[in-house]
Amino acid sequence: MEDISKAISDYFVLLGQAHVVEALYQFEFREDKLPISMNFKNLKCFDKNIELKEKLNQFWNKAEQPVKGNIIEYYIKEWGGIKGNSSNKMNKYRTQNTNQLLANGYGGISSWSKALVIHNPEEYFIYDSRVAFAINYLQIRFNVNKKYAFPMPLGQSKSIKQGMRIIKSNYDFAKWQKIDKNETYKTYQTLIEKVSLESGFAKSKIEMILFSIAPNLASELIYIT
């Protein structure tokens with residue numbers, strides 16, 4: 001795992017200083033869709049999204065149901081754009097405590113990891129198709145000796161889907177060290193911790209950077225293939 005964390009840290013160094021890296025994050029959200037009223041100090045997309053997580057967490061900690069559930073559902077469905085959860089699944093994510101969310105296994109990880117962020121944005125981080133693709137491709141880019149196959153959830157981006165197919169078909173993905181799907185999130189947390197120690201970036205920022213660089217990495221992979 002040390003080789004993977006070094007690959008990610010090395011790529012962050014190649015990208016440049018922190019403010020340059022953070023400028024790559026372009027994820028806007030509509031304030032009129034927020035489940036609660038709030039004002040933002042920051043206008044930069046990166047900082048504003050951090051502030052959003054922090055404020056939602058603060059409101060969630062103080063709220064009772066159903067407001068707690070409304071905040072979780074907003075972050076999964078509206079902010080995260082995941083519309084396909086059944087009402088039963090969404091009700092679970094709305095009401096489960098932290099340990100129950102972690103016990104969900106791999107299924108629905110792109111949704112329940114968002115719920116975990118609202119529980120504690122400093123300790124839990126989103127795991128989705130972009131993040132998984134970026135972790136896997138950076139192992140190829142930096143020629144990591146022992147590669148770990150991070151499971152790649154389905155996503156909406158066509159370029160990420162194409163990049164995933166290329167990794168699976170052109171780079172012996174099936175022969176990489178397999179990660180038990182139900183251990184994916186725990187392994188991801190360990191990796192984030194290592195990258196934070198090596199790069200100096202806060203853990204919550206690392207996930208955001210992986211998310212933001214994924215489309216460019218996918219385009220790079222598609223170009224060289």
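The values are calculated or read from the model by the stated rules, or taken from the named source; none is laboratory data. Every value quoted in this text rests on a predicted model; they were computed, and no experiment measured them. Here the Cβ positions follow ideal geometry from the backbone for every residue, glycine too, while neighbour counts run over all protein chains shown. These area figures cover heavy atoms from the full protein model, side chains too; ligands, DNA and RNA do not enter into them. Shrake-Rupley method; radii C 1.70, N 1.55, O 1.52, S 1.80 Å.
The table below gives the values:
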quantity	calculated
Within segment 154-200, tally of residues that are part of a loop (DSSP other than H, G, I, E, B), over 15 Å from A134 (Cβ atoms) and within 16 Å of the chain's Cα centre (by Cα)	2
Given (1) over 26 Å from F133 (Cα atoms); (2) open to solvent by less than 50 Å² (accessible area, probe 1.4 Å), number of the condition Q65 does not satisfy	(2)
Tally of residues being in contact (Cβ under 8 Å) with a residue 40 or more places away in the chain, under 20 Å from G105 (Cβ atoms) and open to solvent by 30 Å² or more (accessible area, probe 1.4 Å) across segment 165-185	2
Tally, over segment 112-146, of residues that are among the aromatic types (F, W, Y) and open to solvent by 10 Å² or more (accessible area, probe 1.4 Å)	2
Residue within segment 76-96 that is basic (K, R), surrounded by fewer than 20 Cβ atoms within 10 Å (Cβ to Cβ) and within 16 Å of the chain's Cα centre (by Cα) present	yes
Hey, Q162 open to solvent by less than 70 Å² (accessible area, probe 1.4 Å), of a type in the set (S, T, N, Q) and either touching a Cys at 6+ places or on another chain (Cβ under 8 Å) or in contact (Cβ under 8 Å) with a residue 24 or more places away in the chain (or both) or not	no
